[in-house]
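K.L.:
Got a structure here, written out as structure tokens. Questions coming.
The values are calculated or read from the model by the stated rules, or taken from the named source; none is laboratory data. Source: prediction; values computed, not measured. Don't worry about glycine lacking a Cβ; one is built from the backbone with ideal geometry, like all the others, and counts go over all protein chains shown. These area figures cover heavy atoms from the full protein model, side chains too; ligands, DNA and RNA do not enter into them. Shrake-Rupley method; radii C 1.70, N 1.55, O 1.52, S 1.80 Å.
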Amino acid sequence: MAKEKFYMTTAIAYTSGKPHIGNTYEIVLADSIARFKRQQGYDVFFQTGTDEHGQKIELKAEEAGITPKEYVDNVSTEIKRIWDLMNTSYDKFIRTTDADHEKQVQKIFRKLYDQGDIYKGHYEGMYCTPCESFFTESQLVDGKCPDCGRPCTPAKEEAYFFKMSKYAPRLIKYINEHPKFIQPVSRKNEMMNNFLLPGLQDLCVSRTSFSWGIPVDFDPKHVTYVWLDALTNYITGIGYDCDGNSSELFNKNWPADLHLIGKDIIRFHTIYWPIFLMALDLPLPKQVFGHPWLLQGDGKMSKSKGNVIYADDLVDFFGVDAVRYFVLHEMPFENDGVITWELMVERLNSDLANTLGNLVNRTISMSNKYFNGVVTKTGVEENVDADLKAVVTGTKAKVAAKMEDLRVADSITEIFNLFKRCNKYIDETMPWALAKDEEKKDRLAEVLYNLVESITIGASLLESFMPETTEKILAQLNGEKRSYEELDQFGLYPSGNKVTDKPEILFQRLDLKEILEKVEAMKAAQAKPEEPVVDIDAKEEITFDDFGKMQFQVGEIIACEEVKKSRKLLCSQVKIGSQVKQIVSGIKGHYTAEEMVGKKVMVLVNLKPAKLAGVLSEGMLLCAEDADGNLSLMVPEKKMPAGAEIC
């Protein structure tokens, strides 16, 4: 009988830098679900990967002095290394720079254009480079990006647009008829009330202001804009072909059973993506789950805050399975979770070292002490045994019910309730007291058998979440992992089997003070060296009156062009208050004319006009210059109107 398929994906990680533990949480969460589905007997295909195009990547590569492809190769390799370090069992790691993906994106773009869903127009609005998103003035929050809080810049360019409104009524109807499509329900309500019901704007799906992207093959000055490129990985990665020649893998697995994503990109996956699929005449994924964030103790992780924690650093301190346990167990279903070094130590000591590790070690040690490691079922039962067995055999159903609703943290809690019940059973039966009475020897053997059997079942249930720990426990018990069908059956451990005579500590208790000292040492070692400074020869001192003669104002560059017959000069039209001044600057080697347009700059406006390369210049743009001669325009930190005085 063929297994039932289960196709799941994570969001593809953006290759702007090394992923922190909050980013890494998603792949571990997805892995635990994939492993559990395999344990249940599903034919699982689990896909993850990296999102590698866009203006932000182009700028970061330029800063690093390498090509965008070299940049994303480096970052994608690092992301994959961390996913592998965390023992995640993905079946496919897709990159959006893969040739087959890029080819299909071009074909999809053309298909949607040919059928009238995509049209050419112009975009004018505020643009956030880090988020690669356009916003209207009304969508900004205090003049900044509503998603990341960073400044946005005015942008106007030719672009292709997708007709979102054409499919919106159909999507609203689908969401209303499929209540489990968007989970948790709070995310569904947010999408309906904030975006769909007020009315969708058409979506920009191409750009011309940068080149690092998949070219639109019939209009090469355009590159495909991020979401039409990134989202389609879920179908291209399993062999979709919009000409009708899709692979067997695609035909078998689509629609996806689960898209697992962060709550910050739920809009793109529950509005844009379903509409793209409708336009391609493909069924929608069965469920999109927007998981909460894993926060540092003082808020969302960011390099600017200096509070970023990386998975590989945590693994160095605690081990892979301890980190997996923490991120899975500490994340509520809907609300954000918190990670700190202090909490990690507390959980390792209480849950892993004490509840689980001590239980396994005590059980094996008592088996060796009283029976030379031989575990025997004698049948000498007492009433207390029945409750233990009921808890142990009932855990499978409880875990399955929680996992069906993607309540992974609750599932782990159920398994650890099993281990806690075993510890209570030890206190109830007191094996050390039974060992003092020769007539109670068979009862003692039965107690230890019940403990070994219970731990075997618990360890088998734990495998999806802590696979290495399961392997270690079963090796020490000399037991085999139970099949899913056997997890509610008690008494399958072979009577007469022998546990290891050299039990190992699964999780060593840690001293918080020592860990925090090591963390501070690690942070100091990882701290970036101080940025270089530049010393220049001092000029003659001036008086305040001399300075007062100079007039500095904020200017907005409304047009810019190269000065002919000059390798260095750009000629900018700069709006200053109600006036427009023409200013020639020697910055061509550092900025293109296109980059200049829209910038707010600092201007010395009362400089005596002069001709440079035959072109009149009526002021000076202020720049900073480093020791290597690189120039950077001085721009106001906050949003300021053209003409604002610099004082």
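K.L.:
Give the residues of the stretch 234-262 that are within 23 Å of Arg35 (Cα to Cα), in a helix (DSSP H, G or I) and either touching a strand residue (DSSP E or B) at 6+ places or on another chain (Cβ under 7 Å) or touching a residue at least 24 places away in the same chain (Cβ under 8 Å) (or both), sorted by residue number.
P.N.:
Hits for the stretch 234-262 are Tyr234, Ile235, Leu249, Lys252, Asn253.
K.L.:
Which pairs have Cβ atoms under 7 Å, sit 6 or more apart or on different chains, and link a residue in the stretch 1-22 that is farther than 30 Å from Ala64 by Cβ and open to solvent by 30 Å² or more (accessible area, probe 1.4 Å) to one that is small (Gly, Ala, Ser) and at pLDDT 95 or above?
P.N.:
Lys3/Gly41
K.L.:
Shifting gears a bit: Of the residues in the stretch 134-180, how many are among the hydrophobic types (A, V, I, L, M, F, W, C) and touching a Pro at 6+ places or on another chain (Cβ under 8 Å)?
P.N.:
Going residue by residue through the stretch 134-180, those that are among the hydrophobic types (A, V, I, L, M, F, W, C) are 134-135, 140-141, 145, 148, 152, 155, 159, 161-162, 164, 168, 171-172, 175.
Of the ones still in play, those that are also touching a Pro at 6+ places or on another chain (Cβ under 8 Å) are 135, 140, 145, 148, 171.
Residues flagged as among the hydrophobic types (A, V, I, L, M, F, W, C) and touching a Pro at 6+ places or on another chain (Cβ under 8 Å) within the stretch 134-180 amount to 5.
K.L.:
When the stretch 186-233 is examined, which residues are found to be in a helix (DSSP H, G or I), open to solvent by less than 20 Å² (accessible area, probe 1.4 Å) and of a type in the set (S, T, N, Q)?
P.N.:
Asn233
K.L.:
Return yes or no: is Ala34 of a type in the set (A, V, I, L, M), farther than 21 Å from Asn253 by Cβ and either modelled with pLDDT of 95 or more or open to solvent by 30 Å² or more (accessible area, probe 1.4 Å) (or both)? I'd like the intermediate steps shown before the answer.
P.N.:
Values: of a type in the set (A, V, I, L, M): yes; farther than 21 Å from Asn253 by Cβ: no; either modelled with pLDDT of 95 or more or open to solvent by 30 Å² or more (accessible area, probe 1.4 Å) (or both): yes.
So Ala34 fails the test.
K.L.:
Out of all the residues in the stretch 413-464, which are open to solvent by 60 Å² or more (accessible area, probe 1.4 Å) and in a helix (DSSP H, G or I)?
P.N.:
Within the stretch 413-464, Asn417, Lys420, Lys424, Asp427, Glu428, Trp432, Glu438, Glu439, Lys440, Lys441, Asp442 qualify.
K.L.:
Does Arg150 satisfy the criteria of being among the basic types (Lys, Arg) and under 23 Å from the mean Cα position of the chain (by Cα)?
P.N.:
Details: among the basic types (Lys, Arg): yes; under 23 Å from the mean Cα position of the chain (by Cα): yes.
Considered against the rule, which asks whether it is among the basic types (Lys, Arg) and under 23 Å from the mean Cα position of the chain (by Cα), Arg150 comes out as yes.
K.L.:
Okay, moving on. Pick from Lys502, Lys513, Lys518, Lys539: which is open to solvent by 60 Å² or more (accessible area, probe 1.4 Å) and either in contact (Cβ under 8 Å) with a residue 12 or more places away in the chain or touching a His at 6+ places or on another chain (Cβ under 6 Å) (or both)? Reasoning before the result, please.
P.N.:
Numbers: Lys502 fails: either in contact (Cβ under 8 Å) with a residue 12 or more places away in the chain or touching a His at 6+ places or on another chain (Cβ under 6 Å) (or both); Lys513 fails: either in contact (Cβ under 8 Å) with a residue 12 or more places away in the chain or touching a His at 6+ places or on another chain (Cβ under 6 Å) (or both); Lys539 fails: either in contact (Cβ under 8 Å) with a residue 12 or more places away in the chain or touching a His at 6+ places or on another chain (Cβ under 6 Å) (or both).
Criteria check complete, one pass: Lys518.
K.L.:
Look at the stretch 522-544 and say how many of its residues are at pLDDT below 80 and of a type outside the set (A, V, I, L, M, F, W, C).
P.N.:
The number of residues fulfilling the criteria is 7.
K.L.:
If you don't mind, another one. Taking the residues in the stretch 37-56 that are within 30 Å of Thr129 (Cβ to Cβ) and small (Gly, Ala, Ser) as candidates, determine which candidate is surrounded by the fewest Cβ atoms within 10 Å (Cβ to Cβ).
P.N.:
Step one: of the stretch 37-56, the residues within 30 Å of Thr129 (Cβ to Cβ) are 47-56.
Among the residues that remain, those that are also small (Gly, Ala, Ser) are: 49, 54.
Details: Gly49: 26, Gly54: 28.
The qualifying residue surrounded by the fewest Cβ atoms within 10 Å (Cβ to Cβ) is Gly49.
K.L.:
Considering only residues that are small (Gly, Ala, Ser) and not in a strand (DSSP E or B), look in the stretch 561-584 and name the one that is modelled with the lowest pLDDT.
P.N.:
Restricting attention to the stretch 561-584, the residues satisfying the condition of being small (Gly, Ala, Ser) are 566, 572, 577-578.
Narrowing further to those that are not in a strand (DSSP E or B): 566, 577-578.
Numbers: Ser566: 86, Gly577: 92, Ser578: 91.
Checking each candidate, the answer is Ser566.
K.L.:
In the stretch 487-533, what residues are in contact with a strand residue (DSSP E or B) (Cβ under 8 Å, 6 or more places away or on another chain) and of a type outside the set (Ser, Thr, Tyr)?
P.N.:
Restricting attention to the stretch 487-533, the residues satisfying the condition of being in contact with a strand residue (DSSP E or B) (Cβ under 8 Å, 6 or more places away or on another chain) are 493, 495-499.
Hits for the stretch 487-533 are Gly496, Asn497, Lys498, Val499.
K.L.:
Here are some residues: Val384, Val380, Val399. Which one is surrounded by fewer than 17 Cβ atoms within 10 Å (Cβ to Cβ), in a helix (DSSP H, G or I) and in contact (Cβ under 8 Å) with a residue 40 or more places away in the chain? Don't jump to the end; show me each part of the working.
P.N.:
Details: Val380 fails: in a helix (DSSP H, G or I); Val399 fails: surrounded by fewer than 17 Cβ atoms within 10 Å (Cβ to Cβ).
Every option except Val384 fails the conditions.
K.L.:
Could you tell me which of the residues Gly237, Gly149 is modelled with pLDDT under 95 and either open to solvent by less than 20 Å² (accessible area, probe 1.4 Å) or on the phi > 0 side of the Ramachandran plot (or both)? Walk me through it before giving the result.
P.N.:
Details: Gly237 fails: modelled with pLDDT under 95.
After ruling out the rest, the residue left standing is Gly149.
K.L.:
Taking into account only those residues within the stretch 95-115 that are open to solvent by less than 30 Å² (accessible area, probe 1.4 Å) and either farther than 17 Å from Gly54 by Cα or in contact (Cβ under 8 Å) with a residue 60 or more places away in the chain (or both), which is nearest to the chain's Cα centre (by Cα)?
P.N.:
Filtering the stretch 95-115 for residues that are open to solvent by less than 30 Å² (accessible area, probe 1.4 Å) and either farther than 17 Å from Gly54 by Cα or in contact (Cβ under 8 Å) with a residue 60 or more places away in the chain (or both), the one nearest to the chain's Cα centre (by Cα) comes out as Thr96.
K.L.:
Consider the stretch 612-631. How many of its residues are open to solvent by less than 60 Å² (accessible area, probe 1.4 Å) and touching a strand residue (DSSP E or B) at 6+ places or on another chain (Cβ under 6 Å)?
P.N.:
Adding up the residues that qualify gives 9.
K.L.:
On to the next question. Please state which of the following conditions Lys92 fails to meet, knowing it meets all the rest: (1) in contact (Cβ under 8 Å) with a residue 60 or more places away in the chain; (2) surrounded by fewer than 14 Cβ atoms within 10 Å (Cβ to Cβ).
P.N.:
(2)
K.L.:
Find the residue count for the stretch 348-375, including only residues that are open to solvent by 50 Å² or more (accessible area, probe 1.4 Å) and either outside any helix (DSSP H, G or I) or touching an Asp or Glu at 6+ places or on another chain (Cβ under 9 Å) (or both).
P.N.:
Number of matching residues: 2.
K.L.:
Filter the stretch 585-641 for residues that are charged (D, E, K, R), in a loop (DSSP other than H, G, I, E, B) and closer than 23 Å to Lys564 by Cβ and give the result. If you could, list the steps in order and put the result at the bottom.
P.N.:
Initially, the stretch 585-641 is screened for residues charged (D, E, K, R), giving 588, 594-595, 599-600, 608, 611, 618, 625-626, 628, 637-639.
Checking the rest, the ones that are also in a loop (DSSP other than H, G, I, E, B) come to 588, 599, 608, 618, 626, 628, 637-639.
Once the filter is applied, which keeps residues that are charged (D, E, K, R), in a loop (DSSP other than H, G, I, E, B) and closer than 23 Å to Lys564 by Cβ, the stretch 585-641 yields Lys588, Lys599, Glu618.
K.L.:
Continuing with this model, one more query. Residues of the stretch 29-67 being free of Cβ contacts under 8 Å to residues at least 60 places away in the same chain, among the basic types (Lys, Arg) and over 30 Å from Thr469 (Cβ atoms), which ones?
P.N.:
Scanning the stretch 29-67 gives a single hit, Lys60.
K.L.:
List the pairs whose first member sits in the stretch 585-611 and is in contact (Cβ under 8 Å) with a residue 60 or more places away in the chain and closer than 25 Å to Arg207 by Cα, whose second member is open to solvent by 60 Å² or more (accessible area, probe 1.4 Å) and among the hydrophobic types (A, V, I, L, M, F, W, C), and whose Cβ atoms are under 9 Å apart, counting only residues at least 6 apart or on separate chains?
P.N.:
Gly598/Ile558; Lys599/Val635
K.L.:
Which residue pairs have Cβ atoms closer than 6 Å, lie 6 or more positions apart in sequence or on different chains, and pair a first residue in the stretch 414-439 that is without any contact (Cβ under 8 Å) to a residue 24 or more places away in the chain with a second residue that is among the β-branched types (Val, Ile, Thr) and open to solvent by less than 20 Å² (accessible area, probe 1.4 Å)?
P.N.:
Glu414/Thr395; Glu414/Val399
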